[in-house]
Amino acid sequence: MTDRAKQNRRRFALLLIACLAVSLLFVAYPLYVIRPFRAQAPRELPLALVLSRFRPAVAIVAALAAILATLGYWRAQPRKWRRVLPAAGAAFAIVLAVLARVNVYEIMFHPLPRPSFTAASETKLDPAEMVLAVRVGSYSRAYPVRGMSYHHIVNDVLGGVALVATY
C-alpha cells in the first residue's frame, strides 16, 4: 500500500470523525442544557438555543460529508472488514441528522389544550393537594399539580387573556 493511499484513508477518517463530532455537538449539547428542572448558566442557554436553531441544517451537511468521507475511505481501503467502522460512523451521522429534526420536549410533554373546570366548592380535591394558581384581574384558576405532573403545560384563556401554565 502506498503512502498516498494511507494519507487519503487518514484524511477521510478524520473528516468522518469531525462530521460525527459536529453532529453530536449540535444534537446533544442543546438536549443537555435545555433540560427540565435544571438551572442554566447565563452563557450556555443562548449557545444551546443557537445550536438548536441551526441543528437540522448542520446535521444534514455533516451526514452528507460523512457519507462522502466513507465512500472515499472505501476506495482507499482494500480490506473489506476495515470498511465496517466507517460505514457505521456514516450510519450514525445519518441517525443524528434524523434526530436533529425531532423536538424531544414535544414528545416528553403532552399539553392539555382545553382544560375543564369546576367551582372550588364542587371540587373533589384533597384539602392538602397542591395547585398552581393563576389570577388575571378578577378571574382565577387553579391547576392541580397532580394533573400537571403528566401534562406539564396547560393552554388556557382566562378573562380573555391567553396563558400557558407550566409545571
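Among the residues of the range 22-39, the ones that are part of a helix (DSSP H, G or I) and surrounded by fewer than 18 Cβ atoms within 10 Å (Cβ to Cβ) come to 6 in all. Looking at the structure I just gave you, is Thr118 more than 22 Å from the chain's Cα centre (by Cα), among the hydroxyl-bearing types (Ser, Thr, Tyr) and over 30 Å from Ile60 (Cβ atoms)? Criteria met by Thr118.
Of everything listed in (1) under 15 Å from the mean Cα position of the chain (by Cα); (2) surrounded by 16 or more Cβ atoms within 10 Å (Cβ to Cβ), the single unmet condition for Cys19 is (1). Can you find a residue in the range 84-100 that is modelled with pLDDT under 85, assigned by TED's automatic domain parsing to the domain that holds Ile34 and part of a loop (DSSP other than H, G, I, E, B)? There is no residue in the range 84-100 that is modelled with pLDDT under 85, assigned by TED's automatic domain parsing to the domain that holds Ile34 and part of a loop (DSSP other than H, G, I, E, B).
Of the listed requirements (1) surrounded by 12 or more Cβ atoms within 10 Å (Cβ to Cβ); (2) not assigned by TED's automatic domain parsing to the domain that holds Arg35, Lys124 misses just one: (1).
The values are calculated or read from the model by the stated rules, or taken from the named source; none is laboratory data. Small disclaimer: the values here were computed from a predicted structure and weren't measured. Every residue, glycine as well, gets a Cβ built from its backbone with ideal geometry; the counts of neighbours run over all protein chains shown.
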